[in-house]
1. Just wondering, is there one or more residues in region 16-39 that are within 16 Å of the ligand (Cβ to nearest atom), of a type in the set (K, R) and not assigned by TED's automatic domain parsing to the domain that holds K176?
2. Which ones in region 190-207 are open to solvent by less than 20 Å² (accessible area, probe 1.4 Å) and under 14 Å from the mean Cα position of the chain (by Cα)?
3. Under 6 Å by Cβ, and 6 or more places apart or on different chains, what pairs join a residue from region 54-66 that is under 16 Å from K39 (Cα atoms) with one that is open to solvent by 20 Å² or more (accessible area, probe 1.4 Å) and more than 10 Å from the ligand (Cβ to nearest atom)?
4. So, Q129, is that one open to solvent by 40 Å² or more (accessible area, probe 1.4 Å) and either more than 14 Å from the ligand (Cβ to nearest atom) or in contact with a His (Cβ under 9 Å, 6 or more places away or on another chain) (or both) or not?
5. May I ask you to verify whether D150 is of a type in the set (D, E) and closer than 21 Å to F96 by Cβ?
6. Regarding D101, is this residue open to solvent by 70 Å² or more (accessible area, probe 1.4 Å), of a type in the set (D, E) and either assigned to a helix (DSSP H, G or I) or farther than 26 Å from P12 by Cα (or both)?
7. Kindly provide the set of residues from region 22-36 that are of a type outside the set (D, E, K, R), in contact (Cβ under 8 Å) with a residue 12 or more places away in the chain and surrounded by fewer than 19 Cβ atoms within 10 Å (Cβ to Cβ), ordered by number.
8. Say whether the condition of being open to solvent by 60 Å² or more (accessible area, probe 1.4 Å) and part of a helix (DSSP H, G or I) is met by at least one residue in region 2-21.
Amino acid sequence: MSSDKIVLYTAPTPNGITVSILLEELKATYGIPDYDAVKMSLNQADRGKVHNQVKADWFLELNPAGRIPTIVHHDVPVVETSAILLYLAAQFDKEFKFSFDPIKDPYNYSEQLQWLFFTHGGIGPMQSQANHFIKFSTEDIPYGKKRYLDETKRLYGVLAIRLQDREYLTGPGRGKYALADIKAYALVSKAWFIDIDLGEWPPLKKWVERIAERPAVQAGETIVTW
Ligand SMILES: N[C@@H](CCC(=O)N[C@@H](CS)C(=O)NCC(=O)O)C(=O)O
């Protein structure tokens, strides 16, 4: 029989912590799900040498893209941060503490998808490319550095407009801390890595500080470390 326990393949990166933050929030609220975190190597030089490397054959069978985060639940893999967040919410967030009911609350559910897609399709890839060109590229390519840094900052500006008169990205009134916040927080809170000063967008800075205070966020961010 397949286990109820979730296995989370992860690393201490913005994409990795996205999932462990939600898992910790769910555990703090409902006492479930039980999960094990397995730290994966993202280092290409470890390929073929280290068992838990993201391009190892056994891992590619779980996620053909060879990327973390990946979860396995009841022997079934789920990949892509936002798809994992939506899966975990559907399975475990029965009181919609961190999500919205797609049937009874379709407007807020739709907004949740909109902000998840905005972050998953926009900030995630742009910030990753900015990280690459600024921190990891073996060539110095000023055009690439500027292009992706400017684009990341433009998208942060959009979040800041959204947060001008609300505390969280989605939900009625001033908003409710939910999936879209977790997805965006995991990225925006790591802006320091490429020297982006969140002081440029006061509502965004306050939102990061507000979320960072949550014990489950602190636990989720440190589930595995470098
Ligand atoms: N779109 C994917 C991106 C995942 C991703 O880029 N993961 C990185 C770490 S943050 C990774 O596994 N990189 C390993 C590699 O590229 O070999 C998601 O949202 O899950």
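1. Looking for residues that are within 16 Å of the ligand (Cβ to nearest atom), of a type in the set (K, R) and not assigned by TED's automatic domain parsing to the domain that holds K176, one finds at least one in region 16-39, hence yes.
2. A191
3. Pairs found: L62/P77; G66/L60.
4. The answer is no for Q129.
5. no
6. It is false that D101 is open to solvent by 70 Å² or more (accessible area, probe 1.4 Å), of a type in the set (D, E) and either assigned to a helix (DSSP H, G or I) or farther than 26 Å from P12 by Cα (or both).
7. A28, T29, Y30, I32, P33
8. No: zero hits.
The values are calculated or read from the model by the stated rules, or taken from the named source; none is laboratory data. Because the structure is predicted, anything quoted here is derived from the model rather than measured. Every residue, glycine among them, receives a Cβ derived from its backbone with ideal geometry; neighbour counts consider all protein chains shown. Keep in mind that these areas ignore ligands, DNA and RNA; they rest on the heavy atoms of the full protein, side chains included. Shrake-Rupley method; radii C 1.70, N 1.55, O 1.52, S 1.80 Å.
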